[in-house]
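The block underneath contains the structure these notes are about, expressed in structure tokens.
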Amino acid sequence: MLAQEIIRTKRQGGALSVPQIEAFVRGLTDGGWSEGQVAALGMAIFLKGMGRDEAVALTRAMRDSGRVMHWPDMPGPVVDKHSTGGVGDKISLMLGPLVAACGGYVPMIAGRGLGHTGGTVDKLESIAGYQTRPDAALFDATVRRLGCAIIGQTADLAPADKRFYATRDVTATVESVPLITASILSKKLAAGLQALVMDVKVGNGAFADTPAMARELADSIVAVGNGAGMKTRALITDMNQVLGHTAGNALEVLEAIDYLKGVNVEPRQHAITLALCSQMLVLGGLAADEGEAQAKLQSALDSGAAAEKFARMVAALGGPTDLLERPGQHLALGPVQKPVPALRAGVLAGQDTRAIGIAVIELGGGRRVASDPIDPQVGFAAVRPLGSTVQAGEALAVVHAADEAAADRAIAAYQAACQIAEQAPAATPLIAEVIG
């Protein structure tokens, strides 16, 4: 089956058959399709779309392109969460240990940065020694013993998606509902999950920048996930500002550690974390309702059980054994740290959150092309939330950079991304909707 004929079918707006989709996925896996052909079909799908049956077929084919995990004899439910991506979104780092402390088992296969958003795997790789690609036996043993392990895609897990994901990142074909659906669910189905909770971000820092697109994506993921036999629920959450206090890899790990220790907890981030975790407990049968789930989760935070799970997971996967006690010893920060001064007095009324994500990439904290190395030290800290009253010259954030020139460019970009007005902005719902 010729690659160019498959591309032509979709370019003309036709529906791809199951054999055509399976041929494409084989080409992704065995190298039979060139990078140009992969990019061309990705762009054709981006422009012409896919029907639900096509998306299901693509999801299943990518799932079956490698190993599919099974978790026999687990004493608790096998559950997970996934986010469509945002700026400053480090919730996975807190959520896995938190759900594990409440009796869930979370084999989280996380991703790298995509487009302007950060990636959980990139964040974890800022921890010296942490193995994001352990062998199957270590991953299995860590999940069974501790209740959670967060890793990246291994070579044998949905390898077709891994190649397609990298190409989409650098060919402007990220924001496609069927491709996002297939990418997410192929990995989650390959991980052998019983239940999945999706965090579908909406706003100017999300891939879904309108409520209509977020709802379309949430509906797609819930329908395909449930159709494949995995209980799936989606929350549509706000991404019109940086989530939490930080954006940047090591900085976000430090904030996650603080959160688990109960230090400097940012209210919006805490509310979304508890909402996602509570849905996981309910879907997994570990709580009768959200109220009971949230009480269990808060107890796991207050007792230190969640922080202990995180510390043990890091150590089990090759990281330092004293990360929680001495995080500054193991997480390097940018050598140049400068405040981002407000250009005028007033109220921080808006952020171009995507522009802030791009500024992190320009600092070296993300990739322009798939092969780019990442500087884990850079980013923004002490980020002021929307609604903050500021004086002229007061810091809106603190930039961490590799050198003075990079810091100055990032300061200018951050200032341009902030709108300071006379009045506070209208409140935006933190959780707009629950689907499924």
(request) Collect the residues in the stretch 314-337 that are among the small types (G, A, S), outside any loop (DSSP other than H, G, I, E, B) and closer than 17 Å to Q377 by Cβ, keeping them in residue-number order. (result) G328
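Could you list, in sequence order, all residues of the stretch 203-221 that are among the β-branched types (V, I, T) and either open to solvent by 20 Å² or more (accessible area, probe 1.4 Å) or free of Cβ contacts under 8 Å to residues at least 24 places away in the same chain (or both)?
The answer is T210, and nothing else.
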(request) Considering only the stretch 385-420, state which residues are over 17 Å from Q241 (Cβ atoms) and open to solvent by 30 Å² or more (accessible area, probe 1.4 Å). (result) Q391, A392, G393, E394, A402, D403, E404, A405, D408, R409, A412
(message) Can you find a residue that is modelled with pLDDT under 95, out of contact with any Gly (no Cβ under 8 Å at 6 or more places or on another chain) and not aliphatic (A, V, I, L, M) anywhere in the stretch 408-431?
(response) yes
(message) Residue under question is G436, and the condition is that it be under 25 Å from M213 (Cα atoms) and either polar (S, T, N, Q) or open to solvent by 40 Å² or more (accessible area, probe 1.4 Å) (or both); does it hold?
(response) yes
(request) Could you check the stretch 117-200 for helices (runs of 4 or more DSSP H) lying wholly inside it with 2 or more residues that are closer than 19 Å to L98 by Cα, out of contact with any Leu (no Cβ under 7 Å at 6 or more places or on another chain) and not hydroxyl-bearing (S, T, Y)? (result) 120-124, 136-146
(message) Which pairs turn up if I take residues in the stretch 119-135 that are over 18 Å from S83 (Cβ atoms) and free of Cβ contacts under 8 Å to residues at least 40 places away in the same chain and look for partners that are of a type in the set (V, I, T) and part of a loop (DSSP other than H, G, I, E, B) with beta carbon separation below 6 Å, at least 6 apart in sequence or on another chain?
(response) R133/T154
(request) Can you work out which of the residues in the stretch 75-100 that are out of contact with any Ser or Thr (no Cβ under 8 Å at 6 or more places or on another chain) and part of a loop (DSSP other than H, G, I, E, B) is most open to solvent (accessible area, probe 1.4 Å)? (result) P75
(message) Take G285 and tell me if it is more than 28 Å from R384 (Cα to Cα), open to solvent by 30 Å² or more (accessible area, probe 1.4 Å) and touching a Phe, Trp or Tyr at 6+ places or on another chain (Cβ under 9 Å).
(response) no
(request) Those residues that are touching a Phe, Trp or Tyr at 6+ places or on another chain (Cβ under 8 Å) and either surrounded by fewer than 23 Cβ atoms within 10 Å (Cβ to Cβ) or of a type in the set (S, T, N, Q) (or both), I need them from the stretch 113-136; list them, please. (result) L114, G115, T117
(request) Return the total of residues in the stretch 409-436 being touching a residue at least 24 places away in the same chain (Cβ under 8 Å) and more than 30 Å from V282 (Cα to Cα). (result) 16
(request) May I ask you to list pairs of residues, at least six apart or on different chains, whose Cβ atoms are under 7 Å apart, with the first in the stretch 1-27 being among the small types (G, A, S) and the second being open to solvent by 70 Å² or more (accessible area, probe 1.4 Å)? (result) G13/K48; A23/M1
(request) Within the stretch 36-71, track down each residue that is of a type outside the set (A, V, I, L, M), open to solvent by less than 40 Å² (accessible area, probe 1.4 Å), part of a helix (DSSP H, G or I) and within 15 Å of A172 (Cα to Cα). (result) G42
(message) Going by what's in this entry, would S299 be described as polar (S, T, N, Q) and without any contact (Cβ under 8 Å) to a residue 12 or more places away in the chain?
(response) yes
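Could you tell me whether any residue of the stretch 241-251 is modelled with pLDDT under 95, of a type in the set (A, V, I, L, M) and in contact with a strand residue (DSSP E or B) (Cβ under 9 Å, 6 or more places away or on another chain)?
The initial filter retains those residues of the stretch 241-251 that are modelled with pLDDT under 95, namely none.
No, that holds for no residue.
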(message) Tell me the residue from R145, R163 that is under 28 Å from L283 (Cα atoms), over 16 Å from the mean Cα position of the chain (by Cα), surrounded by fewer than 23 Cβ atoms within 10 Å (Cβ to Cβ) and not β-branched (V, I, T), please.
(response) R145
(request) Could you tell me whether I374 is touching an Asp or Glu at 6+ places or on another chain (Cβ under 7 Å) and buried (at least 20 other Cβ atoms within 10 Å of the Cβ)? (result) yes
(message) Looking at the stretch 228-251, can you tell me whether even one residue there is in a helix (DSSP H, G or I) and open to solvent by 20 Å² or more (accessible area, probe 1.4 Å)?
(response) no
(request) Only strands (runs of 3 or more DSSP E) wholly contained in the stretch 338-436 count here; list those with 2 or more residues that are farther than 18 Å from H116 by Cβ and under 20 Å from the mean Cα position of the chain (by Cα). (result) 431-435
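The values are calculated or read from the model by the stated rules, or taken from the named source; none is laboratory data. Quantities reported herein were computed from a predicted structural model and do not represent experimental measurements. With ideal geometry, Cβ positions are generated from the backbone for all residues, glycine too; neighbour counts draw on all protein chains shown. Accessible surface is based on the protein model in full, side chains and every heavy atom, while ligands, DNA and RNA are left aside. Shrake-Rupley method; radii C 1.70, N 1.55, O 1.52, S 1.80 Å.
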